[in-house]
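One structure is given below, encoded as structure tokens.
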Amino acid sequence: MSRSASIIGAAVSRIDGPDKLTGRARYAGDFHPEGMTYAYGVYSTIARGRVVSIDTQAAMRCPGVLDVFHHGNFPSLHRSPASFAEENVVDEKRVPFEDDEVFYAGQFVALVVADSFEHARAAAYQVKVTYDEDTNTVATLAQAMEKRGSTHANDSERGDPEGAYQSAPHQVDATYTTPVETHNPMETHTTVARWIDGKLEVWDSTQGVVFTRNTLSKVFDLDPSRVIVHADFIGSGFGGKLWVWPHCIATAGAARELGRPVQFVLPRQQMFTTSGHRPETSQHVRLAADNDGTLLSIRHENVNSTSHVGTVVEACAGSTEGLYKCDNLRISHATSITDRGTPTAMRAPGAGVGLFALESAMDELAVKLGMDPLELRRKNFTDRDPGADLPYSSNHLLECYDRAAESFGWSRRTPGVGSMRDGDKIIGWGMAACNWDAMRNPCDARVTLHDDGSASVHCASQDIGTGTYTVLAQIASAELDLPLDRIDIKLGDSTFPHGPISGGSWATASLLPAVAEAARAAIDKIKEYAGKAGSPLADADPNDFVYEKGMVKDGHGKAVSIADILKPQQLASATGEAHTGGAPDSGYSFGSFGTHFVEITWEPAIAQLKVTRVVSAIDAGQIINQKSARNQVEGAIVMGMSSALFEATEYDERNARPVNNNYAEYLVPVNADMPQLDVILLDHPDYELNEFGARGIGEIGLTGMQAAVANAVYHATGKRVRDLPVMLDKLMDETE
Amino acid sequence: MRQFEYKRAENTRGAVHAHAGQASAYLAGGTTLIDLVKLDIMQPERLVDVNRLDLADIEHSDGGTLKIGAMVRNTTLAYDQTVQTDYSVLSEALLQGASRQLRNRATTGGNVMQRVRCSYFRDGVSPCNKREPGSGCSAIDGHNREVFAVLGTSEHCIAVHPSDMCVAMAAIGATVHLASADSERAVDFLDFHRLPGDTPHIEHDLKDDELITHITLDAPIKGAGSTYIKLRDRSSYQFALASCAAIVALDGDTIREARIALGGVGTKPWRCKQAEAALQGASATDESFKQAAQIAMEGATPYKHNAFKIPLARKAIVRALRDAAERARRSAGEPT
């Protein structure tokens, strides 16, 4: 093997950049099969009740309308088992138009299909729906817990958390709440579906072509081989596009009924209702510590909102079990049903909001102890995962602390609330740890060496905008000893060798080993052909064959090109295939670690809060691409800051309808909000997880950010904001 | 398909003629109109495109006033030399509104006419007295933090007039010039927008057969300093939670004349004449500014989620007055 190592870790620009810039990159909505029609939804305006009647007469008379589907005429379909093992997860288990029942505002009640998008939309506005409304709606988690209580999901305990808490000299007991956040990728959910001879072909904005294929095969009761799903490019997903949502099923069903391809693009408003969101959480944290800061007890007990049509558990305490050394711990999760759409995973599900609570509580504990919050975390560091009772394969959190603190200038922090100033502004410095599981899933890949000296890689995984195309090209280039521009990466097609969903930050760790092994298999294959009769190297000893730069050399230095090896065999290519497994069962726990240091300014005279500076150090194993990895972490930091300061889907408490369902009123940061970002990537390979030592990088940067911001806000203002987002009205004095 | 007629007007007379007597809408920048038509909130039967009208000039006119054509784009107005020099409060207000792309399209007349951002108005479903007179106001007991007023509200409507530009114009003093087919009239800018009262669907004093042709700004106050302070959650592309346009002219350290207008808190661009009167003759100190801020927000009505806007508006007023006075001092060449 002749891996050229220099390209691994290099700052390679995205290989798909030119395609994206020039518009050659095709997203789901860019596919226009012959005879295309266009669908537009009619969405429930009530949150709970029944559809009494649907008057489609006016809509059917509109120009270009082909049909209006609803529960009265939509074909009867099947539900998906929603199994991760079977790879057919859905979070909203109900199939659209199953019956007349309404479970949330924004639920599909009809689908209009017409010869153009404009005709479909105009007709959809003419569909008249009457409802029998249950006005006793449950709009928020607080209302749900009060009216409906909660349902236990899971828990875990070690030691005696209650006893240790009671006898400890220092305690923190606080409840933290986080709002619904809505994934708002630029590309809203899009499906193009067509049926040919009983086969379903779908172009979908999905993070998982295999999962989507399997789910649709269950829903339409088809052999999986009769469903093909494409997702060449995805305008990001943030978890919202992991699973199939009702629009995809509705579109495929309509296409079958009409016998024509149907395109559906979810309007921005409905991104807030029928395609998932980060659930609302209420997190009760109790910490206890000794005088020197040693944690004696940790409890992190959680309830999150879910829906009538799917139970989603937000694993808020996922990181709590293993981040700190503590013998006495209890975590638990429960859900409570609101009359809202079904939640789902959103970038860094669990830890994304869970570390807001834990790391805020750690800051509160540091204040009680009179201890530097960084020292408190150092004190309780563990290189062993107490949850799994295994050593971490590679945990450099202490180095993260050191390097980020040094770069940030943490030693110059004065601990007093409001003690650091810059003219009219109060400066706050806060920090928090971040953490994410390092996961790896089984993956197949195919690598083909072609007779023109190029190579192609096939895998039924996806690049959701994170750089997967590029890191795979780097690995293939290194393994095949070919320049990047001779490598063609093919992803996003369910007919390719089985690949995992793009989620959980596991794509890189899962795909690289499969591609590398397939590349080596392809090299073995070309060596095999080189030794065959008719080959220019037929007389050489195959044991001496060395592959280098697209050539096979014998023991005497005679080099023959791939083309010249393939030609006598009358072959066009040499193919290698590989299957690689999930995370090895090697006695280690795998995780990524890091820390954020945040500076905020608060100007009380005008109530203006700004995040001015963020220094983050991340230990995510070997960095495969400095550019895309940094880009991922920076993006995650900004998303974490957004969660800290701005994001909240607001529902009318009287009727559970979202009220800020657009880009103007659902706030995310703009360029003018950007702080100075300094990302330190540690780059210590974790060879226990895979041969490249790479862990994932997509999510960890978000975790802990809200706490780092809120802790900095406390340092500046003395106000402990325990309910996100930290908006200016929460920081103003009531007496003003 | 909802059909509508499109007419391109070649002159003012043609525009008002085409607009009168129809369920018509003038199409200028389209930044509000097209949005609301796509949401099916506005259903004009006829669009009268006024983009070709000869109303895109900014000219000096009698008595030092400035005449701004209704079709002058927000970007053009914000960067106009005279506006930047003599009416910097207006330039600042414009540049803190919307986004560059929107400002490139949005017009002076259209900005005056922009509709509210109330989510209940925009959802097409909730009771809303603006959209469906008599149906009720969903915002009063609903989610009412961001774009809801504390001044000038009624039990029928609490939506904020969202403009920044209009707040600056209210402070400067301006006249709205309206033309019909056979006559012209002028309306004081402060009287152009209506309080919601029990007719929130009537938002302004423009009749069906009229068109805004231009807006005249009063002559700048000699030696005055001015500024626009806009407070919001994020740094750009958000409507004001509270904003203040302030103009201050000094005699030494005494306030000769002050102007205060507020955005983000009123159901119309909100001029604070009582607070201004209290400042006249007072010394230009934080105490005076705080007192003026108190007076300006007297009688404000807080709702469930927007009570913070009352102290926030006071902060905007104090900061704007302080900065405007500072600029007045500087322009007078006094040591600061």
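Selection of segment A:23-56 for residues being part of a loop (DSSP other than H, G, I, E, B) and among the acidic types (Asp, Glu) yields only A:GLU34.
For segment A:619-644, a residue qualifies if it is in a helix (DSSP H, G or I), touching a Pro at 6+ places or on another chain (Cβ under 8 Å) and open to solvent by 10 Å² or more (accessible area, probe 1.4 Å), and exactly one does: A:VAL638.
In the list A:ALA572, A:ALA521, A:ALA563, which residue meets the criterion of being touching a residue at least 12 places away in the same chain (Cβ under 8 Å), crowded, with 16+ Cβ neighbours inside 10 Å and out of contact with any Phe, Trp or Tyr (no Cβ under 8 Å at 6 or more places or on another chain)? The unique qualifying residue is A:ALA521. Does any residue of segment A:203-215 turn out to be open to solvent by 10 Å² or more (accessible area, probe 1.4 Å), over 16 Å from A:CYS459 (Cα atoms) and touching a Phe, Trp or Tyr at 6+ places or on another chain (Cβ under 6 Å)? Yes - at least one qualifying residue is present in segment A:203-215. For segment B:252-261, the criterion of a residue being within 20 Å of the chain's Cα centre (by Cα), assigned to a strand (DSSP E or B), aliphatic (A, V, I, L, M) and within 14 Å of chain A (Cβ to nearest Cβ) is satisfied by no position. Does segment A:420-435 include one or more residues that are under 25 Å from A:ASP19 (Cβ atoms) and in a strand (DSSP E or B)? No, there is no match, as no residue in segment A:420-435 is under 25 Å from A:ASP19 (Cβ atoms) and in a strand (DSSP E or B). When A:ALA507, A:ALA473 are checked against the criterion of being buried (at least 24 other Cβ atoms within 10 Å of the Cβ) and closer than 30 Å to A:GLY704 by Cα, a single residue qualifies: A:ALA507. I'd like to check something: does segment B:287-299 contain any residue that is open to solvent by 20 Å² or more (accessible area, probe 1.4 Å), touching a strand residue (DSSP E or B) at 6+ places or on another chain (Cβ under 8 Å) and among the hydroxyl-bearing types (Ser, Thr, Tyr)? Taking every residue of segment B:287-299 in turn, none turns out to be open to solvent by 20 Å² or more (accessible area, probe 1.4 Å), touching a strand residue (DSSP E or B) at 6+ places or on another chain (Cβ under 8 Å) and among the hydroxyl-bearing types (Ser, Thr, Tyr). Listed here are the strands (runs of 3 or more DSSP E) enclosed by segment B:1-98 that have at least 1 residues being within 14 Å of another protein chain (Cβ to nearest Cβ), and there are none. With respect to the conditions (1) acidic (Asp, Glu); (2) more than 9 Å from chain B (Cβ to nearest Cβ); (3) in a loop (DSSP other than H, G, I, E, B), A:GLU653 falls short on a single one, namely (2). Inside segment B:32-45, residues that are open to solvent by 30 Å² or more (accessible area, probe 1.4 Å) and in contact with a strand residue (DSSP E or B) (Cβ under 9 Å, 6 or more places away or on another chain) make up a count of 4. Going residue by residue through segment A:682-704, is there one that turns out to be within 14 Å of chain B (Cβ to nearest Cβ) and open to solvent by 20 Å² or more (accessible area, probe 1.4 Å)? No, segment A:682-704 contains no residue that is within 14 Å of chain B (Cβ to nearest Cβ) and open to solvent by 20 Å² or more (accessible area, probe 1.4 Å). Residues in segment A:537-548 that are over 26 Å from A:ASN690 (Cα atoms) and touching a helix residue (DSSP H, G or I) at 6+ places or on another chain (Cβ under 6 Å) were compared, and the one that is surrounded by the fewest Cβ atoms within 10 Å (Cβ to Cβ) is A:PHE545. Tell me, please, whether a residue that is within 24 Å of B:ALA246 (Cα to Cα), touching a residue at least 60 places away in the same chain (Cβ under 8 Å) and outside the structural domain of B:TYR26 (by TED's automatic domain parsing) can be found in segment B:130-142. No - not one qualifying residue is present in segment B:130-142.
Inside segment B:104-119, residues that are assigned to a helix (DSSP H, G or I) and either surrounded by fewer than 22 Cβ atoms within 10 Å (Cβ to Cβ) or within 14 Å of chain A (Cβ to nearest Cβ) (or both) make up a count of 3. Residue by residue through segment A:108-127, note down the ones that are away from every other protein chain (no Cβ under 14 Å) and closer than 27 Å to A:THR338 by Cα. A:PHE108, A:ALA110, A:LEU111, listed by residue number. Taking segment A:665-681, which residues are within 14 Å of chain B (Cβ to nearest Cβ) and open to solvent by 20 Å² or more (accessible area, probe 1.4 Å)? Residues satisfying the conditions are A:GLU665, A:VAL668, A:PRO669, A:VAL670, A:ASN671, A:ALA672, A:MET674.
Within segment B:301-322, the presence of a residue that is more than 13 Å from every other protein chain (Cβ to nearest Cβ) and small (Gly, Ala, Ser) is excluded.
The values are calculated or read from the model by the stated rules, or taken from the named source; none is laboratory data. Note that the structure is predicted; figures quoted are calculated from it, not measured. Cβ atoms come from the backbone with ideal geometry, glycine included; neighbour counts cover every protein chain shown. Please note that ligands, DNA and RNA were not included when accessible areas were found on the heavy atoms of the full protein model with its side chains. Shrake-Rupley method; radii C 1.70, N 1.55, O 1.52, S 1.80 Å.
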